[in-house]
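This report refers to the structure that appears directly beneath it.
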Amino acid sequence: RGRHTTTHRELFPLPGGAVMMDTPGMRELQLWDAEEGRQEAFADIEAVAAACRFRDCRHEAEDGCAVKQAIADGTLDPRRFASYRKTGRELEYMNRKEQTVSKRLKKSAEKRLGTNSDRRKYSQMDE
């Protein structure tokens, strides 16, 4: 109530094959189960990253980082890499948020049902 809540959405084809979505009233879009989609959307970066010297390369200051080299030699657009990193941070945030909610729900359920030690104590009293 009291907010712009239009639910009409519209797609606009753009030259070159892109599509723009108009979603009036939506304040945010979130990512769910998007790791596979991220890998597909940024397949070029994933391919370059596979050539890094270390498998756990963070693409920051490591020696032998193929991503940093590709940015330096101009074969990888730094803005695209920034978008890749931002998407990764958003996914990490969503995962942490999901884990926090899961823990809170589990704790709440345990509180309602009593902890395992409480159940053991009461079952021993019945014996």
Can you tell me which of (1) modelled with pLDDT under 75; (2) open to solvent by 90 Å² or more (accessible area, probe 1.4 Å) is the one Thr6 doesn't meet? (2)
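Quick grid of which residues meet (1) more than 23 Å from the chain's Cα centre (by Cα); (2) exposed (fewer than 13 other Cβ atoms within 10 Å of the Cβ):
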| residue | (1), (2) |
| --- | --- |
| Asp44 | no, no |
| Ala47 | no, yes |
| Arg55 | no, yes |
| Arg58 | no, yes |
| Glu62 | yes, no |
| Ile71 | yes, no |
| Gly74 | yes, yes |
| Lys86 | no, yes |
| Tyr93 | no, yes |
From the option list Asp118, Asp33, Asp56, single residue qualifying as of a type outside the set (Gly, Ala, Ser) and at pLDDT 90 or above is Asp56
Tabulated pairs, segment 41-55, first assigned to a loop (DSSP other than H, G, I, E, B), second basic (Lys, Arg) and open to solvent by 60 Å² or more (accessible area, probe 1.4 Å), C-beta under 9 angstrom, 6+ apart or interchain: Phe42/Arg80; Cys52/Lys68
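The values are calculated or read from the model by the stated rules, or taken from the named source; none is laboratory data. The structure displayed is predicted, hence computed values, not measured ones. Reconstructed Cβ throughout: ideal geometry from the backbone, glycine too, with neighbour counts over all protein chains shown. What goes into the accessible areas is simple: the full protein's heavy atoms, side chains included, and nothing from ligands, DNA or RNA. Shrake-Rupley method; radii C 1.70, N 1.55, O 1.52, S 1.80 Å.
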